[in-house]
Each structure stands twice: as structure tokens, then as C-alpha cells.
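Report on the structure given below.
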Amino acid sequence: MLVVHRRIMHITSVLLVMCTVLSGIYFVSNARDDRSLTFTVLDVGQGDSLLIQGPSSQQVLVDAGPDRSVLAKLGQYMPFYDHDIELVILTHPHLDHYGGLHEILNRYTVHRLYVTGVVEKSQGYQDLLKQAKEKEVQIEEVWRGKTVDIDPDIQLSIVAPLTPLHDVTVTDLNESSIVAKLVYKQSTFLLTGDATDKVEKALIATKDDLSADVLKVSHHGSEYSTSDPWLDVVHPQVGVLSAGLHNKFGHPNERLLKRFEHRGIKMFRTDQDGDVIFKTDGNTINVFTESATGFSFPGMSGTPAYTIN
């Protein structure tokens with residue numbers, strides 16, 4: 001019996017060591033013990049999903065892509081024991097932005113959901129709102145002026161829509177998109193959903209500070225957004241867009257890409273680079289890509305593909 005007991009203890013010890021080693025590998029990639037902010041543009045095909053992670057392991061998810069593929073991405077970048085998402089922002093109710101939220105609500109505890117309140121009667125979106133209410137998610141309609149303190153030094157400010165859209169019917173849901181500015185000390189990011197050039201004109205007219213180091217390019221690089229006047233105001237050093245490989249819409253548009261090229265703005269895109277990760281201490285922004293790093297948890301270590309000082 002003693003021999004058997006010792007063998008069991010040995011096997012248990014080996015398993016514990018293996019778990020520790022595996023956990024160590026995981027936490028090397030996902031450690032949040034520094035004061036960095038990580039902003040990841042997830043490759044979810046022809047759709048949008050952005051993950052913001054603060055120094056204290058808070059998560060803000062902006063959109064959730066077209067389907068359940070977002071779950072695998074969250075599994076890569078969130079610790080296995082963390083099943084809470086503090087805030088989900090749905091920029092607008094198009095399926096390629098909310099399709100993955102159904103499964104996320106089943107797998108994670110989502111504390112808050114930001115929407116615009118714009119009218120969208122599709123069954124999928126109505127089912128989503130019903131599911132969120134059943135899960136006791138705090139649903140809030142937001143517009144310009146709403147701010148979220150992700151961390152004492154990290155603020156997310158809603159800059160569009162300019163006015164409340166509760167029960168408002170719009171012709172183009174893209175024009176109702178939530179646009180938000182993420183600021184961590186000297187590092188700035190502008191997140192645009194699928195905002196059109198019409199929204200861009202309205203935002204430029206506000207005279208708000210829309211400048212940003214990193215611009216999440218609107219509407220997957222559509223020709224109907226990211227105008228020259230918009231780039232003049234935002235004046236980004238880096239652009240990043242989410243588009244599906246060989247998608248039927250022809251995203252990103254070649255003329256749009258030329259605008260960035262002519263201005264010397266570095267462009268990253270999920271259809272070519274996979275996940276695109278920005279990690280910043282509030283001063284320097286290091287950019288990592290899945291295609292360049294070639295390992296499971298890009299963005300937390302390794303050689304940056306690009307650096308913004």
C-alpha cells in the first residue's frame with residue numbers, strides 16, 4: 001500500500017509540475033503585473049472585434065465579430081480563469097459586429113453593454129438584447145460625452161453619436177456607429193466602428209480633439225469612410241483595419257490604401273497580418289502581429305513589428 005501511495009504522490013507531483021510549467025508559459029504571455037495597456041484588433045474574418053486590456057486585468061470588448069470565432073480569440077488573450085468582461089461596446093447593430101455576442105453572453109459574465117438605442121428590428125439583434133436582459137447585463141445607451149475610466153490613467157471617451165439615438169430610425173446603421181477615443185497618458189487610439197464620411201464631417205465640425213497615434217480604420221477600409229479631411233484631423237501614425245481575406249466587398253479599398261501610403265502612415269490589416277496587437281506603457285506603443293511573431297500569444301513579448309515613440 002505504501003508503494004502504491006508513493007506512486008500516486010509521484011504522479012500527482014508530476015501533474016502539478018506540468019500544470020505549473022504550462023501555467024508559466026501562459027502567464028508569460030498574459031501577465032498583467034506591469035502598467036501596460038494592450039489593445040488588440042482580433043482577426044475574426046469579415047467583421048470587427050477589438051479587445052482592450054488594462055493593467056489590472058480589466059477587459060473591454062468593442063464588437064464581437066460575425067460568429068463564434070471570437071471565442072477562440074478571447075481564449076488566447078484572456079487568462080483561463082477569467083470569465084468576466086467588464087464592458088462590451090456594440091458600435092452598431094450589424095451582424096458582423098454583434099454575431100459573436102450570443103456565445104460570449106453564454107460563456108462569460110458580461111457586466112455592462114453599451115449600445116446607441118437606434119432602432120433595429122432584425123430578429124438576431126432583438127434576440128441579443130433579450131438574452132442580455134435575461135443574463136442581467138446592465139444595458140446603457142451612450143452618446144458623445146460619456147466617459148469610462150478603465151484604470152486611473154486610462155480613459156475611454158465616446159465622441160459619437162453626437163446626440164441620443166433612443167428609438168431613432170436611421171437609413172444607414174453605419175451612421176449610428178459609436179466612435180470612441182482611448183487615451184493612456186501620451187498614447188491615443190481612435191476607434192471608429194463603421195462610421196461613414198458623413199459622420200466624419202460632423203465630428204470634424206465639433207472641433208473636438210480627434211488626434212490619435214493609432215486609427216482603427218472605419219468599415220473594414222470601405223471607400224465611403226476615412227476621407228482626406230478626416231486623416232488631416234486625426235493625423236495618425238498607424239492605421240489598422242479588420243477585413244476578411246478575399247472578402248466579396250473588396251475591402252480594403254485601394255484608393256483608401258493609397259491615402260495612407262501617400263501620407264506615410266503605416267498600415268496593418270487582419271486579412272494579411274492576423275491579430276494586430278498594440279502594447280503601450282503610455283508613452284511608447286509597440287505593435288505586434290500574429291503573422292510576424294508566429295506564436296500563440298503575440299503581442300506580449302518578442303520583437304515588435306513597429307514602434308511608435
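Taken about its Cα centre, the chain carries a charge dipole of about 600 debye when Lys and Arg each add +1 at the Cβ and Asp and Glu each add -1 at the Cβ. Over all projection directions, the Cα-based convex hull of region 74-173 averages an area of 7.2 nm².
Remark on region 119-248: hydrodynamic radius 16.0 angstrom, per the Kirkwood mean of 1/r across alpha carbon pairs. Looking at region 34-302, the DSSP beta bridges with both ends there are about 60 percent antiparallel.
Please find the FRET efficiency linking R68 to E140, where r is the Cβ-Cβ separation and R0 is fixed at 35 Å, and quote it to the nearest 0.05.
0.90
Two numbers describe the Cα atoms of region 34-302: Rg and Dmax, which are 17.0, 50 Å.
One quarter of the surface of the convex hull around the alpha-carbon atoms of region 179-273 equals 5.8 nm², the direction-averaged projected area.
Projecting the Cα atoms of Q272, L257, T226 onto the charge dipole of region 146-299 (Cβ charges, centred on the Cα centre) puts L257 farthest toward the positive pole.
Tell me, what is the FRET efficiency for K201 and Y81 to the nearest 0.05, using R0 = 51 angstrom and their Cβ-Cβ distance as r?
0.65
FYI, it's all coordinate maths here, none of it is from the lab. These numbers were taken from a predicted model, which means no experiment stands behind them. Heads up, the Cβs are rebuilt from the backbone with ideal geometry, glycines too, and the neighbour counts pull from every protein chain shown.
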